[in-house]
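To keep things clear, I will list the structure first and then write my remarks on it.
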Amino acid sequence: MSGELVKLKIKAYSDEQFNNEVADGEFTTLLNPENYNIKYQIEHNEDQASGTSSSAPRFNKIPPEDLELEFIFDRTGVVVNTSDNSLSSDEGVGVIDDVETFKRVVFDYNGDEHRPNFLIISWGSLLFKGTLTEMDLTFKLFSPNGAPLRATARAKFKGFVEDNLRVALENNASPDLTHVRIVKAGDTLPLMAHRIYGDSKYYLEVARVNGLSNFRKLTVGQQLFFPPLEKTS
């Protein structure tokens, strides 16, 4: 096992599929954070008709998680840069260049895509995909000419899952949702209806929705829609 210190890294991308890296869009922290906070939520629909008694809240959705991190920038000369074992000392502008590099990656507007960059934050077991939502900068120590020598940035990021992965992760099998399925070898419409609705008898309604004149003749690779149906006994 290597004893090399692994630093937290942020990489910027111009697309939400994380295929196109932004030029000079990488930031490696000088000091790893002491902690990070991930916030999870579950939203419920608690609407209630007037005059009715209380009822259990109904699940609505799970919104994207939030990540909070604190970054430290230091040019006082007391912090060793592990990449080359040099001291991160004042170069006339203090931490301004370091902060601007950080802002360029996580905050600055992407002119081509007309929005801030998409980010991957990685460190140890942390692998977070999202975008910056909020950042507070605090400058703490200053050189005689007023250049800031130390700063902290408290940043909040909103996570998300790419659309082409979302369905696979949620793996919804609820009959209350519209599903799209691709016909595979051996599939029949009653079998596919049973997988979605838990009952094969709904295959005729699925055939009607998809305009199938003969439900027995399915083509491998064919796309079928399975709409939300009201179950009957």
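Values quoted throughout were computed directly from the atomic coordinates according to the rules given, and no laboratory measurement underlies them. Owing to the predicted nature of the structure, the values given are computational and were not obtained by experimental measurement. Here the Cβ positions follow ideal geometry from the backbone for every residue, glycine too, while neighbour counts run over all protein chains shown.
For PHE27, PHE107, PHE73, what ranking results if the residue with the fewest other Cβ atoms within 10 Å of its Cβ goes first?
The fewest-first ordering by Cβ neighbours comes to PHE107, PHE27, PHE73.
Using 0.36 nm times the number of residues separating LYS7 and THR138, minus their current alpha carbon distance, what extension gain do you get?
The LYS7-THR138 span can extend by a further 45.0 nm.
Return the distance in nm (one decimal) between the two label points of a simple spin-label model at THR188 and THR219, each offset 7 Å from Cα along Cα→Cβ.
2.2
Might you report the magnitude of the Cβ-based charge dipole of segment 172-226 about its Cα centre, with Lys and Arg at +1 and Asp and Glu at -1, to the nearest 20 debye?
With only Lys, Arg, Asp and Glu charged at Cβ, the dipole is about 200 debye.
Straight-line reach from LYS39: which lysines fall under 18 Å, measuring Cα to Cα and dropping same-chain residues less than 8 apart?
Of all the lysines, those that pass the test against LYS39 - Cα under 18 Å, at least 8 places apart if same chain - are LYS61, LYS129, LYS156, LYS158.
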